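The numbers here are math on the coordinates, done by the rules we state, and not lab data. This one's a predicted model, so the numbers in the text were calculated from it and none came from an experiment. Here Cβ is always computed from backbone atoms with ideal geometry, including for glycine, and neighbour counts include all displayed protein chains.
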Amino acid sequence: MSEHFLQNVLLFFFFFLVVIQKAIHLLRESYRNRRGLIYQKPLMSYLCGDASTFGRLKTTRPIDREILALALMESAENFAGEFGPRVRTACEQLGFVQDHVRRIQSRRWWVRAQAAYRLGLMGSPQAESFLIAALDDPIAEVRLMAIRSLAALDGQLALKPIIEHFKENSGWGLLEISDIVLRLGPVCLPILLETLNGDALRARLVAIDLLGLLKDSRAVAPLILTLNSPRQEVRIRAVKALGLIADAAAIPAICRCAGDPSWEVRLMVGSAIGRAGGLPQIPVLVHLLNDAEKRVRVEAAEALIQLGEFGRAALRQAGLGPDAFTHYLAGQFLPPTAEPPVARLA
């Protein structure tokens, strides 16, 4: 046989295989659609409050169960109110919760992720312990689905196990938790403060970040206490959180951190004063303009600009000194034609 003939045979074989696969897919979808129509009316009747149609939803055929599960998930996604409890009851009584509890322990990570997501839509308390266990899954996508589902399931009560099991190296997990905190609001404060006083370092860091995001002045005193931590990362996060809260009671503690041995903490001091400080903190920022770390000095210059005309005047006056880098910062941050109100600084 010629090589050209073999190539044509292989080409025809692959073409035939693609056609067969497409035909099988279309037949399967057609069958699923026909079966879905059988359950569509009794399912909608049940969800609208007619419990007498529930018996017609019971089936042992695997493909019908998958069709029903998918229809219930779509209902949970698209409808709220009284539909939620009915979806939960149907999923529990039809065994869909148990099915997805088994799937969340699958060897395939995408099966676990889908199961975690669907268990959140089902809203069954039976899934809570399995979703908490999924927070330790080695795959980030599974953990994120578990976070979302636990938040939908328990709201405030789910926040503590989510923080305790939090292990994201990227910002996606923290964004999910931040969204939970912003939706729930101040009711999260007791749980965050309890976590702040715990022993787990990573959970404490997440709690500090979330307290800053919550911006509740009741968190100021506990956060000030964390400024005495021997852990540099704790002090950095605490100064940043206090700056976000922007409460006047935190300013003296923030200013004391201008002498912290860690330049990252001193960097956060400049940023925090720029958000929450005022004219009395100008000398602290001027002091930071002479810091050994240039990044701290840049942050101090930016903070002085944020404090208005007197901050700009202080930066211009500091730029007149002998230090070349401070002179450079003044030239970068100040408009060249601005007249500094130096006389009013005295």
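Using 0.36 nm per residue, how much length does the chain from residue 83 to residue 295 gain when fully extended, once their Cα-Cα distance is taken away?
Numbers: separation 212, 0.36 × 212 = 76.32 nm, distance 5.47 nm.
Net length gain for the segment: 70.8 nm.
Which residue fluctuates the most in the chain, going by a Gaussian network model with Cα springs under 10 Å, if the choices are 37, 242, 47?
Per the Cα network of the chain with a 10 Å cutoff, 37 tops the list.
Whole-Å semi-axes of region 161-243's equivalent ellipsoid, largest first, each the root of 5 times a Cα gyration tensor eigenvalue? Intermediate values should be presented prior to the final figure.
Values: eigenvalues 62, 46, 26 Å².
Ellipsoid half-lengths, sorted descending, are 18, 15, 11 Å.
Sorted from fewest to most neighbouring beta carbons within 10 Å, what does the list 52, 75 look like? Write down the numbers at each step before the final one.
Numbers: 52 9, 75 18.
With the sparsest Cβ surroundings first, the list reads 52, 75.
Among the lysines, which fall within straight-line cross-link reach of residue 215, defined as a Cα-Cα distance under 26 Å, with same-chain neighbours fewer than 8 residues apart omitted?
Partners within reach: 160, 167, 240.
Give the Debye-formula value of log10 I(q)/I(0) at each listed q (0.11 Å⁻¹), with one equal scatterer per alpha carbon of region 90-213, two decimals each.
Treating every Cα as an identical point scatterer, log10 I(q)/I(0) equals -0.35.
Assuming 0.36 nm per residue, please report the length gained on full extension of the stretch residue 264 to residue 199 beyond their Cα-Cα distance. Mind dumping the intermediate values first?
On the way: separation 65, 0.36 × 65 = 23.40 nm, distance 2.30 nm.
Difference between extended and current length: 21.1 nm.
Which residue, 162, 147, 191, has the most motion in a Gaussian network model of the chain that connects Cα atoms within less than 10 Å?
In this elastic network of the chain, the residue with the biggest mean-square fluctuation among 162, 147, 191 is 191.
Work out the charge dipole of region 205-346 with +1 on the Cβ of Lys and Arg and -1 on the Cβ of Asp and Glu about the Cα centre, then indicate which of 330, 296, 261 is farthest towards its positive end.
Of 330, 296, 261, it is 261.
By how many nm would the segment from residue 12 to residue 233 grow when fully extended, if each residue of separation counts as 0.36 nm and the alpha-carbon distance is taken off? Show your work: numbers first, answer last.
Numbers: separation 221, 0.36 × 221 = 79.56 nm, distance 6.38 nm.
Extending this stretch completely gives an extra 73.2 nm.
Using a 10 Å cut-off around each Cβ, can you sort 31, 328 from fewest to most neighbouring Cβ atoms? Don't skip to the end; give the middle numbers.
Working: 31 12, 328 15.
Least crowded to most crowded, the residues run 31, 328.
Counting each DSSP H run of 4 or more residues in the chain as -39500 (n - 2.57), what helix-only mean residue ellipticity at 222 nm follows after dividing by all residues, to the nearest 500 deg cm²/dmol? Intermediate values should be presented prior to the final figure.
Numbers: 20 runs with 247 residues, N = 346.
Only helices count here, giving -22500 deg cm²/dmol.
Semi-axes of the equivalent ellipsoid of region 1-146: what are they in whole Å, largest first, if each equals the square root of 5 times a C-alpha gyration tensor eigenvalue?
Numbers: eigenvalues 286, 111, 24 Å².
Ellipsoid semi-axes (Å, largest first): 38, 24, 11.
Evaluate E = 1/(1 + (r/R0)^6) for residue 182 and residue 106, where r is the Cβ-Cβ distance and R0 equals 30 Å; express this FRET efficiency to the nearest 0.05.
0.40
For the charge dipole of region 183-285, defined by +1 on Lys and Arg C-beta atoms and -1 on Asp and Glu C-beta atoms about the Cα centroid, which residue among 277, 220, 186 has the Cα displaced farthest towards the positive pole?
Sorting the options by dipole projection puts first 277.
Rg over Rh of region 192-233, using C-alpha atoms and the Kirkwood radius, what does it come to?
Details: Rg = 9.5 Å, Rh = 10.3 Å.
On the Cα set of region 192-233, Rg over Rh gives 0.92.
Quote the relative contact order of the chain in percent (integer), defining contacts as alpha-carbon pairs under 8 Å separated by 6+ residues. Intermediate values should be presented prior to the final figure.
Details: 416 pairs, mean separation 23.2, N = 346.
Value for the chain: 7 percent.
Angle, helix 62-78 long axis vs. longest principal axis of the chain, Cα atoms, 0 to 90°, nearest 10?
The angle comes out near 40 degrees.
Charges only on Cβ, +1 for Lys and Arg, -1 for Asp and Glu: so what's the dipole of region 139-293 about the Cα centre, in debye to the nearest 20? Please report the intermediate quantities before stating the final value.
Working: 16 positive and 16 negative charges, 30 e Å.
Dipole magnitude for region 139-293 comes out near 140 debye.
For region 1-105, what does the relative contact order come out to in percent, with C-alpha contacts under 8 Å and a separation of six or more?
On the way: 42 pairs, mean separation 19.5, N = 105.
That works out to 19 percent.
For a quick check, take a GNM of the chain with Cα springs below 10 Å and name the residue from 103, 237, 35 with the largest mean-square fluctuation.
35
So what's region 54-117 giving for Cα Rg divided by 2.2 N^0.38 Å, two decimals? The partial results should precede the final answer.
Values: Rg = 12.1 Å, N = 64, 2.2 N^0.38 = 10.7 Å.
With N residues counted in region 54-117, Rg over 2.2 N^0.38 Å equals 1.13.
Which listed residue (106, 5, 244) has the Cα farthest towards the positive end of the charge dipole for the chain, taking +1 on Lys and Arg C-beta and -1 on Asp and Glu C-beta about the Cα centre?
So the residue furthest toward the plus end is 5.
The list [x] 71, 41, 40; [y] 82, 43, 41; [z] 87, 67, 37 gives values of Cα extents along the principal axes in Å, and only one came from this structure; which label was calculated from it?
Looking at Cα extents along the principal axes in Å for this model, the match is [z].
Counting pairs of Cα atoms in region 186-319, how many percent are more than 17 Å apart?
Working: 4840 of 8911 pairs.
Distances greater than 17 Å cover 54 percent of the Cα pairs.
Quick check for me: using +1 on Lys/Arg Cβ and -1 on Asp/Glu Cβ, what's the dipole size of the chain about its Cα centre, in debye to the nearest 20?
Working: 40 positive and 34 negative charges, 179 e Å.
Around 860 debye, computed over the chain.
Could you work out how far helix 140-154 tilts from the main Cα principal axis of the chain, as a 0 to 90 degree angle to the nearest 10?
For 140-154 against the chain, the angle is about 90 degrees.
Could you give the angle, 0 to 90 degrees to the nearest 10, between helix 294-306's Cα long axis and the longest principal axis of the Cα atoms of the chain?
80
Counting other C-beta atoms within 10 Å, which of 256, 118, 316 has the fewest, and how do the rest follow? Numbers along the way, then the final one.
Numbers: 256 13, 118 24, 316 19.
Lowest to highest Cβ neighbour count: 256, 316, 118.
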